[in-house]
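*Asks:* This is the structure I have questions about; it appears just below.
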């Protein structure tokens with residue numbers, strides 16, 4: 001299976017349009033050694049020809065344009081794309097708005113939990129994805145039920161896991177009671193290799209650690225260094241855990257919980273602009289790397305061969 | 001008044017993610033002389049310090065990042081922006097989705113017709129712009145009623161004009177009967193200078209020509225060269241006029257109607273990826289330039305001094 005990270009920042013990107021924190025200002029004026037990042041987005045391919053998007057970030061148009069693998073074939077029909085499906089792990093705007101960038105009358109399969117589907121399809125904007133018969137084909141996905149977005153090759157499949165957490169604050173409706181459908185992680189298996197994708201990680205119970213230890217590579221929520229990071233950046237902001245992100249540092253944080261994993265290569269994604277690890281000269285950056293983690297960056301890719 | 005075009009393509013941008021037309025493929029492989037463009041977006045400033053966005057394109061995050069004028073002040077508070085307001089001319093997704101990129105708890109004034117406001121605020125996604133008291137302040141704007149998005153300087157103001165056309169197909173609700181609130185053009189006046197911004201032009205009656213002739217610069221819908229351009233590009237596509245865009249060529253087209261204007265500098269924007277004028281070596285490109293038009297490009301700017 002091939003995987004490419006098209007975006008590795010949290011909502012708002014890095015730098016963030018209205019942010020003058022030391023990371024954002026330092027990146028703009030060159031005084032901080034750091035790399036600009038678009039909002040978290042990944043793409044996978046089992047056969048190297050068809051691609052599935054993992055979520056659909058608001059930066060998706062720009063991200064597709066920068067990925068030659070995802071360009072239409074010049075000798076194909078006048079409208080074509082190697083992107084055949086999108087797998088949604090949540091209904092948060094920074095994971096779904098990009099679907100509306102894919103509205104140019106293009107047939108697509110969209111995999112999500114029934115609750116996420118209900119939240120999105122009850123939104124009038126999504127009528128723009130249903131202007132042609134068969135334009136968008138929504139497919140139900142439930143935690144613990146494996147599926148394959150393409151014709152399965154080498155026994156390839158995607159296994160969703162309920163990660164805890166909750167639906168985004170804009171969402172309402174009866175389905176929002178189905179909390180196990182709110183936030184999923186994906187274990188992607190092909191040719192005996194496994195990778196896990198969890199750009200939002202609300203908690204890290206032992207059962208999850210066991211699954212992650214069975215993987216060759218894991219891509220994990222690196223939103224915040226500390227629980228009160230947003231609160232220190234501006235007034236009236238929530239804590240990291242309140243909005244579904246286990247912080248990296250501190251008691252029960254991601255580093256403490258996950259750094260003991262032995263098998264997987266460990267990559268952080270969905271890194272918020274306020275996170276000190278973005279400053280490549282910071283002690284926090286040194287600390288995550290010393291604990292065996294890599295920072296994902298836009299364009300990071302891997303061909304995980306059988 | 002200063003104006004900067006941050007994006008000059010129609011919905012989907014140029015190249016478009018799923019398009020292999022001669023323009024898009026030619027731009028990708030370098031065989032066509034053309035320039036990539038993001039989706040139509042402009043910004044104006046009366047005082048050089050505060051900026052108003054004209055519409056909010058899906059590419060807005062990227063467009064703000066590329067415009068140094070719109071960056072937060074490094075020595076300001078940790079969250080700040082020179083962008084104080086957004087003026088919406090329609091409810092189409094390619095004019096409004098960018099509002100959802102501005103959701104980082106930032107106070108903003110949003111100017112639109114009551115109908116456009118109703119369509120957007122009834123959409124659950126827009127709850128993300130109302131998480132703090134006073135975060136988004138919606139201000140009603142009606143055709144023929146001038147307003148100023150900032151403290152008026154030099155008698156500066158914005159005068160909206162109803163352009164005809166209709167609401168986007170996703171929109172519903174009682175307000176969609178108010179057709180004069182569907183698509184507006186903006187006449188922006190400052191220090192005795194006038195400019196007009198009309199990224200969607202459904203028709204060009206004599207009354208509009210008179211207004212445009214009073215301007216120093218006009219920015220006009222350049223979506224399509226011919227009425228059947230989309231229909232020739234792919235199956236099941238609408239005609240240009242059906243979706244609210246007067247084509248440039250042909251009987252009653254924009255060139256025939258507007259090229260006789262004497263006073264204004266004439267700039268095309270909102271140019272669709274299929275439009276042959278994007279190929280800088282095409283006869284159509286030569287024809288629009290011979291008729292006195294410029295092609296707007298991302299980064300085009302003008303300081304229109306009194």
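The values are calculated or read from the model by the stated rules, or taken from the named source; none is laboratory data. Nothing here was measured: the structure is a model prediction, and the numbers come from that model. Virtual Cβ from ideal backbone geometry, glycine too; neighbours counted across all protein chains shown.
*Asks:* As an exercise: evaluate residue B:41 against (1) out of contact with any strand residue (DSSP E or B) (no Cβ under 9 Å at 6 or more places or on another chain); (2) more than 11 Å from chain A (Cβ to nearest Cβ) and give the number of the one condition it does not meet.
*Replies:* Among (1) out of contact with any strand residue (DSSP E or B) (no Cβ under 9 Å at 6 or more places or on another chain); (2) more than 11 Å from chain A (Cβ to nearest Cβ), residue B:41 violates only (1).
*Asks:* Can you tell which of B:192, B:155 is surrounded by fewer than 20 Cβ atoms within 10 Å (Cβ to Cβ) and free of Cβ contacts under 8 Å to residues at least 60 places away in the same chain?
*Replies:* Details: B:192 fails: free of Cβ contacts under 8 Å to residues at least 60 places away in the same chain.
After applying the criteria, what remains is B:155.
*Asks:* If you don't mind, there's one more thing I want to ask. So, restricting to helices (runs of 4 or more DSSP H) that lie completely within segment A:226-306, which ones have at least 2 residues that are in contact (Cβ under 8 Å) with a residue 24 or more places away in the chain and more than 30 Å from residue A:191 (Cβ to Cβ)?
*Replies:* Where helices (runs of 4 or more DSSP H) fall fully within segment A:226-306 and carry at least 2 residues being in contact (Cβ under 8 Å) with a residue 24 or more places away in the chain and more than 30 Å from residue A:191 (Cβ to Cβ), they are A:229-233, A:283-290.
*Asks:* In this structure, does residue B:163 turn out to be more than 10 Å from chain A (Cβ to nearest Cβ), buried (at least 22 other Cβ atoms within 10 Å of the Cβ) and closer than 30 Å to residue A:231 by Cβ?
*Replies:* No.
*Asks:* Looking only at segment A:118-160, count how many residues are within 14 Å of another protein chain (Cβ to nearest Cβ), farther than 21 Å from residue B:129 by Cβ, out of contact with any strand residue (DSSP E or B) (no Cβ under 9 Å at 6 or more places or on another chain) and in a loop (DSSP other than H, G, I, E, B).
*Replies:* Count: 4.
*Asks:* Of the conditions (1) in contact with a strand residue (DSSP E or B) (Cβ under 6 Å, 6 or more places away or on another chain); (2) surrounded by fewer than 21 Cβ atoms within 10 Å (Cβ to Cβ); (3) at pLDDT 95 or above; (4) not in a helix (DSSP H, G or I), residue B:203 clears all except one; give me its number.
*Replies:* Residue B:203 satisfies every listed condition except (1).
*Asks:* Can I ask one more? Mind checking which residues of segment A:11-30 are touching a strand residue (DSSP E or B) at 6+ places or on another chain (Cβ under 6 Å) and either surrounded by fewer than 23 Cβ atoms within 10 Å (Cβ to Cβ) or more than 9 Å from every other protein chain (Cβ to nearest Cβ) (or both)?
*Replies:* Selection gives A:14 alone.
*Asks:* Next question, about the same structure. So, in segment B:55-71, how many residues would count as being over 23 Å from residue A:57 (Cα atoms) and either touching a helix residue (DSSP H, G or I) at 6+ places or on another chain (Cβ under 8 Å) or crowded, with 24+ Cβ neighbours inside 10 Å (or both)? Write out each step before concluding.
*Replies:* From segment B:55-71, those over 23 Å from residue A:57 (Cα atoms) are B:68-69; that's our starting set.
Going one step further and asking which of them are either touching a helix residue (DSSP H, G or I) at 6+ places or on another chain (Cβ under 8 Å) or crowded, with 24+ Cβ neighbours inside 10 Å (or both), we end up with none.
Within segment B:55-71, residues that are over 23 Å from residue A:57 (Cα atoms) and either touching a helix residue (DSSP H, G or I) at 6+ places or on another chain (Cβ under 8 Å) or crowded, with 24+ Cβ neighbours inside 10 Å (or both) number 0.
*Asks:* Next question, about the same structure. Please go through segment B:4-51 and give me each residue that is in contact (Cβ under 8 Å) with a residue 12 or more places away in the chain and farther than 26 Å from residue B:243 by Cβ, ordered by number.
*Replies:* Residues satisfying the conditions are B:4, B:33, B:44, B:45, B:46, B:47, B:48, B:49, B:50, B:51.
*Asks:* Here's something else I'd like to know. Filter segment A:92-111 down to the residues that are at the interface with chain B (Cβ under 10 Å from one of its Cβ atoms), in contact with a helix residue (DSSP H, G or I) (Cβ under 7 Å, 6 or more places away or on another chain) and farther than 12 Å from residue A:135 by Cα and list them by number.
*Replies:* Result: A:93, A:96, A:97, A:98, A:100, A:101.
*Asks:* If you don't mind, there's one more thing I want to ask. I'm checking my understanding of the structure. Among residues of segment A:63-78 that are in contact with a strand residue (DSSP E or B) (Cβ under 9 Å, 6 or more places away or on another chain) and within 12 Å of chain B (Cβ to nearest Cβ), which one is farthest from residue A:188 (Cα to Cα)? Outline the logic, then answer.
*Replies:* As a first pass, look at segment A:63-78 and keep what is in contact with a strand residue (DSSP E or B) (Cβ under 9 Å, 6 or more places away or on another chain): A:63-64, A:66-67, A:69-70, A:72, A:78.
Next cut, within 12 Å of chain B (Cβ to nearest Cβ) only: A:63-64, A:66-67, A:70, A:72, A:78.
Working: A:63: 22, A:64: 21, A:66: 24, A:67: 21, A:70: 20, A:72: 25, A:78: 32 Å.
That would be A:78.
*Asks:* Right, next: For segment A:82-91, check the following and say yes or no: at least one residue is touching a helix residue (DSSP H, G or I) at 6+ places or on another chain (Cβ under 7 Å), within 24 Å of residue A:160 (Cβ to Cβ), within 12 Å of another protein chain (Cβ to nearest Cβ) and crowded, with 22+ Cβ neighbours inside 10 Å.
*Replies:* Yes, segment A:82-91 has at least one match.
*Asks:* Just the residues that are crowded, with 20+ Cβ neighbours inside 10 Å and farther than 25 Å from residue A:90 by Cβ, please, taken from segment A:31-54.
*Replies:* Matches in segment A:31-54: A:34 only.
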